[in-house]
Amino acid sequence: MNRSRTVVAMLAVLVVLAGCGGSAGSAVSGGDSDVSMTVQESGGGSGSAEDGATAGDTTQNVADGRSIIRTGEVRIRVDDYESSRSNLTAAVEARGGYVADTTQQVHDSDGASWSSGQVVLRVPADNFSRTMTLVEREGTVLESRTSTQDVTDQVVDLQARLDNLRAQRDRLRQLYQNANDTEDVLAVEKRLSEVQTEIEQTEAQLQNLQRRVAYSTITVEMVEPRPDRPAPDHWYDTPVVAAFLESVHGVGVVLRATVVAGAYVAPYLLVFLTPFAVAGGLVYRYRKRLPGGGGGE
């Protein structure tokens, strides 16, 4: 009975220490971590390039500076979608990155077709700026923006919580080995399972942040220009509504051209016809004064 009470008391102490350790995590700097970072991204052709990023590497980066997540979004107009996608894929892989996801749509209207799509690139953080420049040079930039997120405090908090949970797990394993009573074994086993679940969840959160810090994300949206409509083989193949609208447009063009032409010609007419008008008026008045020229009696 005394042994059971001792085990229960030690479990209570461990729970209290867990709460204290979790609340104080933000004030504790993270130490070296032994969490494996062997993660394969779905859809990535070169996911193994990310396997080398370990928790220890990220912790070292935190010690040297800040843990920054960099993202970029670029929208460009390209001459050929397939060619541009191949160029970006080759360039990113040459810089240690990979293509995480691709989408493509083929548009078709009035016999004309063009493509658009999106490519998600993952590149090492050190190559983020260079890769952004390369992407923008692939076509005509319609929109481009970048953003950063400082997650240093989150990484440190998660690392401190992880260290505390592992320490609890070690103490619980010692209790489990020393427990003889069935009730004590079940109590320790239940708490050990809860701590292990918390460890796995915390590891997953920490690894996700570390991946995003180590590999920046660039989302590239590419669109081909819409080609001109092909001309019909014969003029009478033109749709009736289209022919009527084109005629209306033609009438408007002729009217505008007439007005513009009149505006151009008016100064010339004013300059060159005024002398003739004045001379004609003088001749008319002179002839009217002559005898018999005015249609007299």
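The values are calculated or read from the model by the stated rules, or taken from the named source; none is laboratory data. Treat the numbers as computed from the prediction; the structure is a model and nothing was measured. For neighbour counting, all protein chains shown are included, and Cβ atoms are generated from backbone atoms with ideal geometry for every residue, glycine included.
Just a few scattered comments:
Rundown of residues vs (1) of a type outside the set (Ser, Thr, Tyr); (2) under 23 Å from GLU93 (Cα atoms), yes/no style:
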site	(1), (2)
MET132	yes, yes
VAL141	yes, yes
ARG171	yes, no
SER193	no, no
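- Across segment 149-163, not a single residue is classified as under 13 Å from the mean Cα position of the chain (by Cα), surrounded by fewer than 19 Cβ atoms within 10 Å (Cβ to Cβ) and not aliphatic (A, V, I, L, M).
- Residue count, segment 84-116 (criterion: surrounded by 12 or more Cβ atoms within 10 Å (Cβ to Cβ) and either of a type in the set (Phe, Trp, Tyr) or under 15 Å from LEU134 (Cβ atoms) (or both)): 14
- Lone qualifier among ALA187, ALA167, ALA214 - being of a type outside the set (D, E, K, R), over 29 Å from HIS107 (Cα atoms) and in contact with a Pro (Cβ under 9 Å, 6 or more places away or on another chain): ALA214
- Any pair with Cβ under 7 angstrom, 6 or more apart, that starts in segment 117-145 at a residue that is assigned by TED's automatic domain parsing to the domain that holds TYR98 and in contact (Cβ under 8 Å) with a residue 24 or more places away in the chain and ends at one that is outside any strand (DSSP E or B) and of a type in the set (Val, Ile, Thr): LEU121/VAL92; LEU121/THR131; VAL123/VAL92; VAL123/THR131; ALA125/VAL213; THR131/VAL92; GLU138/VAL78; GLY139/VAL78
- Screening segment 117-129 for residues that are within 17 Å of ARG75 (Cα to Cα) and out of contact with any Phe, Trp or Tyr (no Cβ under 7 Å at 6 or more places or on another chain) and picking the one that is surrounded by the fewest Cβ atoms within 10 Å (Cβ to Cβ) gives SER129.
- Answer from GLU82, GLU143 - the residue that is charged (D, E, K, R) and part of a helix (DSSP H, G or I): GLU82
So that you can scan it fast, the table gives a plain yes or no per residue for (1) at pLDDT 80 or above; (2) under 46 Å from the mean Cα position of the chain (by Cα):
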residue: SER216; (1), (2): yes, yes
residue: THR219; (1), (2): yes, yes
residue: GLU224; (1), (2): yes, yes
residue: ALA231; (1), (2): no, yes
residue: ASP237; (1), (2): no, yes
residue: ALA242; (1), (2): no, yes
residue: GLU246; (1), (2): no, yes
residue: VAL265; (1), (2): yes, no
residue: TYR286; (1), (2): no, no
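- The selection criterion, being in contact with a helix residue (DSSP H, G or I) (Cβ under 9 Å, 6 or more places away or on another chain), outside any strand (DSSP E or B) and exposed (fewer than 14 other Cβ atoms within 10 Å of the Cβ), holds for ARG173.
- Note on segment 91-118: among residues that are part of a strand (DSSP E or B) and among the β-branched types (Val, Ile, Thr), the one that is farthest from THR217 (Cα to Cα) is VAL106.
- The residue that is nearest to the chain's Cα centre (by Cα), among those in segment 180-214 that are charged (D, E, K, R) and buried (at least 17 other Cβ atoms within 10 Å of the Cβ), is ARG212.
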